[in-house]
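Let me begin by presenting the structure, written as structure tokens, before commenting on it.
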Amino acid sequence: MKVIGDARPTERFTLEDQPKRPGYVLARFYCDPEPFEETIGGGTYSGWKYDEYHLELPKSDSLPEAIEADYDNYLKEAMEQEPAPEPEPEPEPEPEPTPENAVWEAMAAAYKEGVNEA
């Protein structure tokens, strides 16, 4: 997933304890950092944009070394667990034309033209 942060990631990955899941850590993988700048409402905001992938793993003292030794496979697994983007919602169908709809459409058109009586 794309992430925007204040600082450039200094490591390829970090490990964080999971308080709600004792015995596991969250491995965060950071890829392709690039400077970011955007102007919103007269203010300019800058930082870093990068890809971040997550992988929950059993905690062990040798895990950092294991990830370094097989980094590409761990990263690939984290990327595969990335949730697929949600599909765009389908547009709502146009209502069926009815005599009542025609009256409302005529009144709306007349209102736009400045006519106050239908």
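For helix 71-80, report the angle its Cα long axis makes with the longest principal axis of the Cα atoms of the chain; keep it between 0 and 90° and round to the nearest 10°. Long axis of 71-80 versus the principal axis of the chain: about 30 degrees.
Surface analysis of the chain yields an accessible area of 81 Å² per residue, using protein heavy atoms and a 1.4 Å probe. Positive contributions from Lys and Arg (+1) and negative ones from Asp and Glu (-1), summed over other residues with Cβ under 15 Å from the Cβ of T14, come out at -4. More than 17 Å apart: what percent of Cα pairs in the stretch 49-118 qualify? For the stretch 49-118, the fraction of Cα-Cα distances above 17 Å is 70 percent.
Using a simple spin-label model with pseudo-atoms 7 Å out from Cα toward Cβ, E11 and E105 lie 6.2 nm apart.
Using the rule -39500 (n - 2.57) for each DSSP H run of four or more residues, divided by the residues of the chain, the 222 nm mean residue ellipticity is -8000 deg cm²/dmol.
Scanning the chain for trypsin sites (Lys or Arg not before Pro) in DSSP loops with at most 15 neighbouring Cβ atoms within 10 Å leaves 60-118 as the longest stretch between them. Pairs of Lys residues in the chain are counted when their Cα atoms are under 29 angstrom apart and they lie 8 or more places apart or on different chains; the count is 10. Quick one: compute a quarter of the convex hull surface over the Cα atoms of the chain and quote it in nm². Mean projected area for the chain: 14.9 nm², to one decimal. Give the calculated FRET efficiency between K59 and E34 to the nearest 0.05, with a Förster radius of 22 Å applied to their Cβ-Cβ distance. Here the calculated transfer efficiency is 0.10. Looking at the chain, which longest stretch skips every one of the GluC sites (Glu not before Pro) that is in a DSSP loop with at most 16 other Cβ atoms within 10 Å, leaving the sites themselves out? With a cap of 16 other Cβ atoms within 10 Å, the longest stretch comes to 12-112.
The values are calculated or read from the model by the stated rules, or taken from the named source; none is laboratory data. Quick caveat: nothing in here was measured; it's all calculated off a predicted structure. Neighbour counts are summed over all protein chains in view; Cβ atoms, including those assigned to glycine, are modelled from backbone coordinates with ideal geometry. All accessible areas refer to the heavy atoms of the entire protein, side chains included, with ligands and DNA or RNA removed. Shrake-Rupley method; radii C 1.70, N 1.55, O 1.52, S 1.80 Å.
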